[in-house]
Every structure is written in C-alpha cells, then in structure tokens.
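Asks: I'd like to ask some things about the structure below.
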Amino acid sequence: MTTAILDGARLLGRLSALGAIGRDGEGRLARLAATDADRAGRAALMGWMEAAGLSVTVDRIGNVFGRWSTPENEAEAPLLLGSHIDSVVNAGMLDGCYGVLGALEVIETLKAAGVRTARPIVVAAFTNEEGARFAPDMLGSLVFVGGLDLDTALATVGVDGARLGDELARIGAAGTVDPGHFRPAAYVELHIEQGPILDREGVRIGAVENLQGISWQEVTIEGTANHAGTTPMTMRRDPGLAAARTVAFLADRANRSNTPTVATVGRMRFAPDVINVVPSRAVFTVDLRDPDETRLREEEAALAAHLDGLVAEGFRVSVERLARFEPVVFDVGLVARIEAAAAARGLSCRRMTSGAGHDAQMLARICPAAMIFVPSRDGISHNPREHTDAADLVAGAEVLLDLVRRLVEDGRRVIPLSENPDPSGFSEVSA
Ligand code: HGY
Ligand code: MN
Ligand code: MN
C-alpha cells in the first residue's frame, strides 16, 4: 500500500495561522459568520486550497468547497470532509477549524503520495455553523442539504440587525453555485470533543455515534417599568425578576432530571437597561438539548407551562423559535470503521454522543455521516482556554487519513455503508 504520511507540523501551523485571524484589540478571537474577520479567514483557507491544487467553489450561501478529483474518478459521488471556520465570541482556535484544516491536510497528503482514489474528495467550510450571529446554527450545511430554503436563509437578520445575504455579498462570499450542487457519497467530520469525556477517561479518539437534539428559543417578557426607589416590591411587575426565575427554573429541572438534559440561557437583555428603573422588558435565549427527542419535548413543554404561569401573574410573554433539530444517529458502518482505524494505530477509542451541534447532523440527512473526536483539555470550549494536545490533533487527523483511504482508495466500494465491517480489514493500513 502506498505510504502517505501526514504533515503534522503543517496542520498545526495552519491552525495557529487561522487562529490569529479575527482577534480584537485585546486578542480575543471572534470570527463571526460573514464579518470582515470571516472574510480574512476564508481568504486564508481558499489560498491554502488553491495552493494544494484543489478546485475551489463557493455556493450562494457562502459554503466553501475545495475539490480534488482525477479524470478517472471525476464522475463518482465525492467523499465529503470538513466543518466550519466561523467562531463564537472570545473563542478558542480549534472549534471547526480543526476539521476543515485536518481534512485539507488529509487530501494534500493523499495527493502528494500519489494515492489513487475511487472517488473525488471534497473539503467544505460551511457558513455560519455557530449561529452566534445568525440563527439557526449549522445554517450553511442546512441549506446545502435542502433543510432551509436559500432565500429564507439569505433574508435572515442577525443579532446586530444585519441581513445575511447582504453580509455575504459585502465580504465577497455570495457564491454563484446553487447550494446542494453535488450529493456526497458520505461525510466525515473531524472535531474536538468540546466536552470532558475523552480527557477525563484518558481516551484518545471518540467515534461519535449520535448527536443530541437542539432547541433554541428567544423569550420576551414584558412587565411594568417603574421607579427603583419608590415602588414597593408588592407593586412591581418586574420582567427582570421573572426572567431570573425562569433561568433558575430551567437549571433546577435539568439538575434534578438525572438525564443528560442541559439548559442554557446565554443571552439576556433588559429594557430600558437603566440602574434605577424596574425593567419594562426582558429578552433572553433558551438553549435546551437532550439526546432523547421525547425528553427534549418534555423540557420544551415544561418551559411553556412555566411561561404560562408568568402570563397568569400578569406578564406579557412571547416566544420566537430560533432553531429546532431532532437528535441524529450516525452511520454504524462509518462509526465501526473509525473505531477500527483508531485501533489499527493503537489509539484508545470509545463510542460517544456529541453534546454540541455540528454540520455532520445536517449531512446525515442526505448521506452516511459520522464524526471523529479528539480530547478537549478539561472539557473547555467556546472559550480561549480551548486546547487539545498537538499529539492528539495529529493523531485525529491520521485516523481520518486512514479512514478515508479505506473508504475511497482505488478499488474500494465501501460506500454506501450502514453495515458493520470486518475490522480486521484495517490491519494493513500503514502510515
Ligand atoms: O451550538 C452548537 O452546539 C454549535 O457550537 N453550533
Ligand atoms: Mn464546531
Ligand atoms: Mn462551536
């Protein structure tokens, strides 16, 4: 079998270079979708793709694709790899970027080694995966798989009042290709775990077999503005207090539930937002997640009942749904091959659930999909302290390399999957 050795230093160098793009005056990383920082990150990525000899395409929702094909395999459905390069605010530098640059590294390694593949391989960077500026999250991959109408997506207004379509045009990312311009044979996403499991258990690789459901809502509670000094507590209709009670209600439920349910209020704003005025209005977001759809619906129903109680107390309450994705189960054949690829390199591996949302959950709607996780130190992510050891970053990319070779190296026809392979078939994969 042709030797193909991944250039770990190049991968780590690019991660650092991309991680330096989009930092503010205090050095905080915020490469929000369709901002100038995103434009700069996209330019760096497309530069690397072009230098690697890939053909680069941008679709109308701004998804970036770097494609490697040969005359022999051009007509086949491609194997798709990738993730996202947009970030949250004050982010770490690995979330998403690791999957995109790890995939690019795998393609460059195979290409340079002259490995013949039965299919083209494409690396994607999907637009607005984080949903930090425009809701829902995973927006670009959702449009790519046909889960959200393009015009509706382009009309989305961000938290800063900007329209996504205008912003994509402004940064030069309004591509010409209609989303969904090809149907992948399969999709594999390399990503940091962003949670504590692998790090705590000392396991090197996660073979992600499912991903939990996500419910995003924005709640507006309206009460009566009043003087902070003269208004007795018994005469107040304070939406700020009602919002705080709702945060406590959600946390208490999740803590008492004995299930993986998680609840987060990440954004909260008061009006008029003045120190000596009892607020007239409180607006906040609710992020509910659970691997089990029935439980997730129960959590949504409990929140709705709690809000009805506030209405009975005299508050006006309105709710806007920002995102709702059911739990997803990944392809068992791919998951088994990830485990076998890790084992063939002597890397400990465990099956696991993804707590975070990922583009893979959208691609799973149209093709076999799965994810490879590497450990996050202390389980920290969406935080500048996000860290994965260099050896783990390289190991994860090498597992992706071996998996890709087993899926598409010449003569392979292991896609479509969904069947448990004979793991021994991986024994001959070598560096
Ligand atoms: O929300 C998420 O889980 C992802 O980071 N967009
Ligand atoms: Mn991510
Ligand atoms: Mn993220």
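Asks: Could you work out how far apart the two model spin labels at residue 377 and residue 1 are, taking each label as a point 7 Å from the Cα in the direction of the beta carbon, and quote it in nm?
Replies: In this crude spin-label approximation the distance works out to 3.2 nm.
Asks: Then there's this: Could you line up 256, 365 from fewest to most neighbouring Cβ atoms inside 10 Å? Can you show the working numbers first?
Replies: On the way: 256 9, 365 14.
In increasing order of surrounding Cβ atoms, one gets 256, 365.
Asks: To the nearest 20 Debye, how big is the dipole of the chain about its Cα centre, given +1 on the beta carbon of each Lys and Arg and -1 on that of each Asp and Glu?
Replies: With Lys and Arg at +1 and Asp and Glu at -1, about 380 debye.
Asks: Exposure proxy check: 235, 49 ranked by fewest other beta carbons within 10 Å? Write down the numbers at each step before the final one.
Replies: On the way: 235 10, 49 24.
Lowest to highest Cβ neighbour count: 235, 49.
Asks: Using label points projected 7 Å from each Cα along Cα→Cβ, tell me how many nm separate residue 228 and residue 12, to one decimal.
Replies: The two pseudo-label positions are separated by 5.1 nm.
Asks: Farthest toward the dipole's positive end in segment 213-325, which of 312, 323, 276, given Cβ charges of +1 (Lys, Arg) and -1 (Asp, Glu) about the Cα centre?
Replies: Final value for the positive-end residue is 276.
Asks: Turning to a different aspect of this structure: Please give the charge dipole size of segment 213-325, origin at the Cα centre, charges +1 on K and R Cβ atoms and -1 on D and E Cβ atoms. Round to the nearest 20 debye.
Replies: Values: 14 positive and 15 negative charges, 47 e Å.
Taking the Cα centre of segment 213-325 as origin, the dipole is about 220 debye.
Asks: Mean-square fluctuation check for the chain, GNM, Cα pairs under 10 Å: which of 252, 166, 36 is largest?
Replies: Ranking 252, 166, 36 by mean-square fluctuation puts 252 first.
Asks: What's the angle, to the nearest 10 degrees (0 to 90), between helix 36-51's Cα axis and the longest principal axis of the chain?
Replies: Here the helix axis deviates by roughly 10 degrees.
Asks: What is the distance in Å between the Cα centroid of segment 72-110 and that of segment 158-186?
Replies: Result: 17 Å between the Cα centres.
Asks: With +1 on each Lys and Arg Cβ and -1 on each Asp and Glu Cβ, how big is the dipole of segment 1-154 about its Cα centre, in debye rounded to the nearest 20?
Replies: Dipole size: approximately 340 debye.
Asks: Now for a separate question. Give me the net charge for the shell around residue 306: Cβ to Cβ below 12 angstrom, other residues only, Lys and Arg +1, Asp and Glu -1.
Replies: Computed value for this residue: -3.
Asks: Okay, next question. Just to confirm a number: summing +1 for Lys and Arg and -1 for Asp and Glu over residues other than residue 221 whose beta-carbon lies under 9 angstrom from that of residue 221, what do you get?
Replies: Computed value for this residue: +1.
Asks: If you average the C-alpha positions of segment 120-138 and of segment 299-363 separately, how far apart do those two centres end up, in angstrom?
Replies: Answer, in whole Å: 16.
Asks: If we count every other residue with Cβ under 11 angstrom of residue 56's Cβ, Lys/Arg +1 and Asp/Glu -1, where does the sum land?
Replies: Charge balance in the 11 Å sphere: +1.
Asks: Arrange 98, 187 by Cβ neighbour counts within 10 Å, fewest through most, would you?
Replies: Neighbour counts put them in this order, fewest first: 98, 187.
Asks: While we're on this one: Which peptide among 193-200, 279-286 comes first, and what is the full order, when sorted by highest mean count of other Cβ atoms within 10 Å?
Replies: Values: 193-200: 19.1, 279-286: 20.6.
Ranked from most to least packed, the peptides come out as 279-286, 193-200.
Asks: Using packing as a proxy for protection, rank 29-35, 228-234, 260-266 so that the peptide with the highest average count of other Cβ atoms within 10 Å comes first.
Replies: On the way: 29-35: 24.0, 228-234: 9.0, 260-266: 16.7.
Averaged packing, sorted descending, gives the order 29-35, 260-266, 228-234.
All of the numbers you see were taken from the coordinates with simple rules; none came from a lab. As the structure is a computational prediction, the values presented were derived from the model and not from experiment. A quick note on method: Cβ atoms are made from the backbone with ideal geometry, for glycine too, and the neighbour counts reach across all protein chains shown.
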